[in-house]
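Right, one structure below, let's go through it.
Values in this text are rule-based calculations from the coordinates and carry no lab data. Being a predicted model, the structure only gives us computed values, none of them experimental. Every residue, glycine among them, receives a Cβ derived from its backbone with ideal geometry; neighbour counts consider all protein chains shown.
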Amino acid sequence: MTSSNPFTTLISVTQLQTLLQSDSPTMVFDCSCDLMQPETGPAQYQDAHIPGAIYAHLDNALSSKGDRRITGSASGGRHPLPAREVFAAWLGRVGFTNGMQAVVYDRQGANYCGRLWWMLKWLGHENVAVLDGGFQAWQAIGGAVASGDEVARPAASFELGEPLVQLVEVDTVASRLGKPGQQIVDARGAARFRGEVEPIDPVAGHIPGALNRPFNLNLGPDGHFKDAATLRAEFTALLGQRDPATVVHHCGSGVSAVPNILAMEIAGLGRTALFAGSWSEWCNDASRPVARG
């Protein structure tokens, strides 16, 4: 435990300031990213970041590239999950240990930092929280800012634990399609869900039976997550009579689905599952059904 009251969902900017001023071992990760312009995230970090923050690159740290059969990736899709052992080794190289509180943030509405939040839970590390409001909220209160590279921390050892989140494989999603024990929730924008546009993947549309909850609906106009009662009401309205425990989240490549997982947990609806391969893996096989509209 990093403290008597570890942060496991959200942390406010003032809470983070207090935490960084304490003796509690903490590591902050900047996950800023732009899918269409991969150089943007690193440039944003170099320009300004929370002092001491480690940059976690979506492509190089939070994903594995190449043929899954060769790399041993834990999922398919455009951003396949690295094997748990591979990601644990990366954490050790940047100096992260099991006794630390992790805080993750980005500048894109928790779209990318949620991936690291989920991955640390997947490795068995409960004490990780998303900075509510992101880097913009930190700047808004006049939080200290650094630029350029940080001094490398001494390498450490991160020990794997039992996963604290559920990862669902594409074959499992397919085998349970249309059955009451699985309700898919798609975090992509409405136009992509309906199949009207598809800027990235080769096929437009969605998994039959999926419900649409664009991830940005979890935030208010101020860029902070909506309160628990509001989120609970919105997800309850979306699901109707469906059991929240049956929900499996996905998006285009397993990244922007995570804010929905986090939001449901904030809402008190439990910790729901992730289909990390998402639409990019699903639509890569022409035998799998596609719905539009």
In the chain the cysteines whose Cβ sits 4.7 Å or more from every other Cys Cβ are 33, 251, 283
For the chain, what does the convex hull of the Cα positions come to per residue, in cubic angstrom?
131 Å³
Which residues does the label zone of residue 191 cover in the stretch 2-39, counting backbone N under 18 Å from a point 7 Å along Cα→Cβ?
35-37
Assertion target for 57, 79, ordered by fewest C-beta neighbours within 10 angstrom first, is 57, 79
For the stretch 38-175, what is the Kirkwood estimate of the hydrodynamic radius, computed as the reciprocal of the mean inverse distance between distinct Cα atoms, to one decimal in Å?
16.1 Å
If you take the Cα atoms of the stretch 143-235, find Rg, then find the Kirkwood Rh from the mean of 1/r over all pairs, what is Rg/Rh?
1.10
State, to one decimal in nm, how far the label point of residue 43 lies from the label point of residue 246, with both points 7 Å from Cα in the Cβ direction.
4.7 nm
DSSP beta bridges in the chain [antiparallel fraction, %, rounded to 5]
10 percent
Work out from phi, with θ = phi - 60° and the Karplus expression 6.51 cos²θ - 1.76 cosθ + 1.60, the ³J(HN,Hα) of each residue of the stretch 84-90, listed in order in whole Hz, and give x for Gly and Pro.
4, 5, 5, 5, 4, 5, 5
Residue among 248, 50, 183 farthest towards the positive dipole end of the chain, charges placed on Cβ:
183
When we measure straight from the Cα of residue 179, which aspartates and glutamates land under 15 angstrom away, once same-chain ones fewer than 8 places off are left out?
171, 243
With θ set to phi - 60°, apply the Karplus curve 6.51 cos²θ - 1.76 cosθ + 1.60 along the stretch 131-148 and write out the HN-Hα couplings as whole Hz, x wherever there is a Gly or Pro.
6, 5, x, x, 4, 4, 5, 4, 5, 5, 9, x, x, 4, 10, 10, 9, x
Calculated over the stretch 170-282: convex hull of Cα atoms, volume per residue (Å³):
96 Å³
Amide H neighbours of residue 249 at under 5 Å, excluding residues fewer than 5 places away on the same chain, with H built from the backbone geometry, are 185, 273, 274, 275
Scalar couplings 3J(HN,Hα) for the stretch 189-201 by Karplus 6.51 cos²θ - 1.76 cosθ + 1.60 (θ = phi - 60°), nearest whole Hz, x for Gly and Pro, are x, 4, 5, 5, 4, 6, x, 6, 9, 8, x, 10, 8
